[in-house]
Structures are given as C-alpha cells and as structure tokens.
1. Given R₀ = 41 Å, FRET efficiency for ARG330-LYS270 by Cβ-Cβ distance, to 0.05?
2. With a ≥ b ≥ c the root eigenvalues of the C-alpha gyration tensor of the stretch 394-517, is it rounded (a/c under 1.5), prolate (a/b larger than b/c) or oblate?
3. How large is the convex hull of the C-alpha atoms of the stretch 492-565 per residue, in Å³?
4. What is the chain's relative contact order, in percent, from Cα pairs under 8 angstrom and six or more apart in sequence?
5. Which whole-percent values make up P(r) of the stretch 231-361 when all C-alpha to C-alpha distances are grouped in 10 Å steps starting at zero?
6. Roughly how big is the chain's charge dipole about its Cα centre, with Cβ charges of +1 (Lys, Arg) and -1 (Asp, Glu), in debye to the nearest 20?
7. If I model a spin label at ARG735 and LYS208 as a point 7 Å from the Cα along the Cα→Cβ vector, what separation in nanometres do I get?
8. May I ask you to derive the relative contact order of the stretch 489-641, considering only C-alpha pairs under 8 Å and at least 6 residues apart, and to give it as an integer percent?
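The values are calculated or read from the model by the stated rules, or taken from the named source; none is laboratory data. Worth saying up front: this structure is predicted, and the values here are computed from it rather than measured. Cβ: placed from backbone, ideal geometry, glycine included. Neighbour counts: every protein chain shown. Remember, those area values only see protein heavy atoms, side chains included, never the ligands or the DNA or RNA. Shrake-Rupley method; radii C 1.70, N 1.55, O 1.52, S 1.80 Å.
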Amino acid sequence: MTTSDTKTLPLLSLRNLVLFPGAVMPVEIGRPSSLRLIDALGGKGAHVLVGTQKDADIEEPAGADLYTICVEGEIVRIVKAAENRVTAVLRGLERRRVTGFAQERPYLTAQFETLTEIRKDPIEIDGLGMAVYDVAKQLIAISPDIPDETAQVLDQHKDPARLGDIVAATVDLSPEERASLLVEVDVAERLRRLLVLLQRKVELIKVKQKIDSQVREEFSKHQREAVLRQKLKAIQDELGEGEDASDLDAFEEKIKAAQMPEEVAKTARKQLERLKQMAQSSAEYTVQRTYLEWLVELPWAKQTEDRLDLDKAREILDADHYDLKKVKKRILEYLAVRKLAPGKKGPILCLAGPPGVGKTSLGKSIARSLGREFIRVSLGGVRDEAEIRGHRRTYIGALPGRIVQGMRRVGTKNPVFMLDEIDKLGADFRGDPSAALLEVLDPEQNATFSDHYLEVNFDLSNVIFIATANMLDPIPPALLDRMEILEIPGYTREEKMEIARRHLVPKQVSEHGLTSAQIVLPDAALTTVVEQYTREAGVRNLEREIANVIRAIAVKIAEGQAYDPNISAEAVGEILGPQKYYSEAAERTEIPGVATGLAWTPAGGDILFIEASIMLGKGSLILTGQLGDVMKESARAALSWVRTHVDELGINVDFEKTDIHLHVPAGGVSKDGPSAGVAITVALTSLLTGRRVRGDVAMTGEITLRGTVLPVGGIKEKVLAAHRAGIKRVILPERNRKDIVDIPETIRSELEINFAKKIDDVLEATLETVPVVVPGPDAPASTEATARA
C-alpha cells in the first residue's frame, strides 16, 4: 500500500543491477544523462531514486522502460574513474512507488509515493526469515564467491524483511530474479521466493563440488598409474622381460622393407617413436599400433610384372568370353602401349550394360590376361563418403576406406581394381561417395590419393580401375567424364547359343558333379531354352534354366533311373514346364490398329503393346498404363498430327463426338520417353482408317507436329529385342542410320531395316493398303501398339 504524500527526486536508471534497501553497492556511471544527474545532486549525502531497466539493451531508457517500484538511495561517495566515467557508492534506504515523471531531459526526475510493505502474518514472516537466515549461512559456508564477513552482516539485521533484502543483494542472482524480489511488497511472498532461489543455489554448488571432487580423484588415480607403469617398465627392462621393446623394433625393419616414399617413412618413424613412449595398457597404444600396422602392410613398392604377350592375352580373353570385341580391343591396345611406353598409367574404364552380360567376370579375365592381381569392391548402396576415404583416427574403431583396404588385401600396387555397381552409389547427410571417387578415378590426381585414416599420400596411378554400371544416367557428370565408357549391349540369339555351348553348359555340368558323357545338350535343346524360356539382354537367366535341366538329370542319375543323355527339345519342355515366352506381335496385329514399337530398359531392349479403342464421347483422349509426362505428350502430338491429316488418310470420324482410349500394358510398370511417338501415330492411324499393321514390323522414333521423325537412343538394344521377338522389318529414324554399325552383321542380314524421315514413310512401310473395317464410335475397334522410350 502507499501513502498520499507525493515527492519528487532525480531517478538513476541501472542496467542488470538492482539496489535493495539496506544494501551498499558501487555503480559505474557512464551515460551522459546519468553523469548530468550526478553533477546536479551535489555529491555525498544527496538522495536519489534508483530504478532498474526492464530491457538492458535500451541505451537511454524513458520512464516506461523502468520498473515502477524502485529504491530511494543515498550517495555515500563519488569517485571519478575517467574523463567521462564516475563510480558512485549508493546505500539503499526504502522502497518507493513511482507515480509519474516531472521531466525526462536532461535526466529523469520522478514523482513517487512512500510504499508500505504488507505484513499479514508476523509469525509466518519470522519463520520464513529464520529459514532464509539458515540457508544463507549454509550458502556462505560452501560458496567460494561469497566472503565470510557476509555472515556477520546478516547477524546485524533482525527484521526479516531487511534480512531478505541484504541476502538478495549479496547472493549471485540474475537481474530478473532480483527485480522480481524488489517489486514484491508482500514480505512473506518475497521471503518465500528468496528461499526457493537460495535452496537451488545450495544444491547447484553441492553438485558442482561433487563433480570437482570426482575429477580430482580420477586425475590423481591416472597420475599414480602412470608412475607405477614407469616403475614396472624399468623393472621389466632390468629383468630382461621387456618383450614389447623387441616387438616394436620389428616395426623399424618392416618400415625399411616396405620401401615407402621418404615422406611416408618419415611419418611412420615419427609415429613409432610416439608408440614407444606410450604405456602398453593405454587405449591410445592400440590405436597407434593399428595405424602403424596399416602403414607397413600396404604395397608401397610391390607390384606384378605385366604379361606383354599380346597373342597370349588375346587367347585368354577369347577363352573366357565370347564376342565383346570392343573391350578386348581396348585391353590389347593398352598392352601394346605398355610394351612401347612402360611408364604408361593404367586406364580407367567403365563397362556399361544390362545385367548378366558378363561385366564383372570380364574384369577377372582382364586381370588374368595382364598377369595382374584382381580385387573387387561393390559400391551398391554405399552412402557414406568415409567408405571411400576412410574415417579419421580420432574416431573409435576408425579404419581406412574401401580403396586402401582393397589395396592391402590384394598386396600389389598395380592390380585390376573393379568398382562394381558404380551407378548404385547413394548420398546422404554423411557426404557424397561419388565426390570422393573423383580423385580416385582421375589419372592426374590419384598418384597422390589421400585417405583420411592414413593422412599420407598413396599412389594409385598404376592401378587399372574398371567400373561397372547398368545405367549411365545416375552417375554424376564429373565422375562420368573421368571414365572411358565401353558399352556392352545385350547378346543376340546366336551369341547366347555360342556362350551356352562354350561356357554355361560345361560350367553347370562340372558344378553339379557330372561329366560331359553323362549329359549332352544339343543345339535343338539349347535353342528351345534360349527362345522359349528366356528373354533377356544377358545370360544370367539362361544359366539358371540350363542348371534346372542339368539338376533334373542329376536326380535321375542319383536315383539310378534310366535316361537318355542326349537331351531333346521335348525333354527340355517336360523339365522346364510350359513355355514362358512367345511372339505376340503377329497375333496382336490380326485386327486393324495394331502396331509394334521398340523400347529400351536398363535390362536391355524390349517390346510393349499399346491398346486403343474408339467410342462415343466428347472428343477426349484417355491415357492409361502408368505413362510418364513425356509419353503422354507424344500421344497428344500423335493424335494432333492424325487429326490434321484426316483428308489425306481418308479418316471419316467426328472427333468432337468421339473419345479415344490409349492403354499401355502392363499397367503395373511405369513407362516414359519420346520414342513411342511413331508407334502411337501408326496405331491411331490404323485404328481410325481400319488398315491393319503388318505383324512382322516394329518401329521406334519421336514424332513432331509436322510429321518429322526424330532420332532416339538405344538403337542396338531395341533392334536386338525386335530380333528376339521374331520381327522381320524394323523402322528407324533416318538420323539413326549411323547407329546400325553397332548391330552384329548376322542380325542385320536377318532383318529388313528401313529408315524414315517423315511419318508418311512409316505409314507406307507398316500399314496394309486395304482396310479391313472402317471404325466409328458405333463400331468400336481395339488397338495394341508397343512403344517405350
């Protein structure tokens, strides 16, 4: 409560400081307005109101920026500290309530009322005062920051309210906590809050002292153990039992034998000296020793001699793999250059192709043909950059990356190093492994490859790196640019037959414990397996099916049953069950509007079918079958071209009252790309004109609104897929003529390959001349076409 008499005094505002009644506090004053206030007061004995800012960041606070309850204080002494700075010693007298401000410039002058504290229950206040006194005494006793003389000051104050003010001014509290105690006029509530704050301080100091005591004890224990270990080492040396010394001396010999570069040897000897100074039982000893073992066991100078006999290398490559002429030619070129220039660095190759074409096994054959060691590292699913560069030794359980680990395992500095599935690399918050591979696969940088664990340079320039990938698109451009791409497309039927005869059948016969006399797979049986039970770019499924046939014969031999060792095509059908693959193209083109297109997939070439129907509607084009945006646009472009040329094509359909539905099976597989445009155009034209598409024709190409046929990719894979499906005529864009050189001569001789500049050329080569049925909304027709990017 307050009295009615109003007085006026200058008001000094403080930042992060609170003056309590009965407390003496020095205040450093530097603000211009505060300096003018001090000058106006006249020095010692003058009275002034002392208030606390609510926000300490305000440089020149107004009256509204201060707490309304402040303290009337008396100036005890003023000391000039500098030209624009003085120190005033203030003594707090009584709490006052500010009711207004007489002026704000040049300094604050406030109107105030006398404040009477609320004392409802004297007994409760006395009890709280005693509790505050006891906890404050305890805090003074255990706190190193509070002088012991403070306890004597507390003894001089018998009034609980004054005692609380002195304690609040003495104990280390935050400005907010002190301000909340100052403005509280209820004495009991103020003492209660102060008691809670004091008890928390006591608990914090006790916990801190406990932790400090534990740290000191632990430190003393380690010191004692170190001294004892030194004494134990001295005793072992006296008794000749210092087995560790001879063991560490062996490292010196290993460093010399490893023939490290001078910088690496210098680092190794430095680390060895550190190891000798360490106690064997310490955790750091094991880390240091493991690091030295990695250094001395890496192949710094050991390497194998290349087999520079080109005829022998060609013989090995031909014996292990059929065809693959591009890759074999590149390896023989490298050998020829090595023969003429021994210092030539190893090539960095990337074998790209569908699964099962022999990319990984080809790496082993390359190593065998060169007479080098072979090491393979799978990168599929690797997401951590440390998998390539290693972890720093500061981490527990740190190890070098996979590159250095592989070099240690292989034991030579010039192996054939295969980076398998490089297109399956991932990236997350731990870094991008493909970025770390940029240095590994750069001939200008990998001579000084630095692993985070080793922290010394390791020479990878003599390594032949061979990466494998199913797709090139996921590989970052910078990484792709560092590799020489050798594409391995799918095999033809004849190539699969030859691979089965030379490699797959002998391998499976041997693995199943049989001999060539116990089972014979003639060409007729192999043809049945290749054409009716597999349809893939590689030979992995072909090998599985051959293994199924051989296992069936192995069962008969194990059971002692009679059987014919010459396996016929009929016997293959009985063993493998119903035929899995057959040509659908001729069957689906029996009705008007059927066209066959060509597709590219990561597993090689393939064919797809697009079904279309016409019905009464509102002129909509319905697209289904999980089509991508590009393929949908191709379909709209195809329909627009057909509608633009209805007169030339002889189409008599009211498109405003007709819906066309285009569906691409299988609906569970997503499809996209522009190369379906030609096939969709032919399918729509066939549907709307009633002219059937030849059943032995397949096509690919992008269509424009002007009817131009644009080039597409994956020509070799698509043509091989057409050949596997029994297609006889293939329509390709004119600008893809250059790509047929990659198609085997045997395939080209069995196919009629036509090239088209305009969609009119495609229609002339694919559609029959006489319509079978004239479609219309009242007589729906179904169309199937195959197309895929």
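1. 0.40
2. Because a/c hits 1.5 or more and a/b exceeds b/c, the stretch 394-517 counts as prolate.
3. Cα-based convex hull of the stretch 492-565, divided per residue, equals 80 Å³.
4. 8 percent
5. 9, 26, 19, 16, 16, 10, 4, 0
6. 980 debye
7. Taking the two extended label points, one gets 7.7 nm.
8. Once divided by the residue count of the stretch 489-641, the mean separation gives 23 percent.
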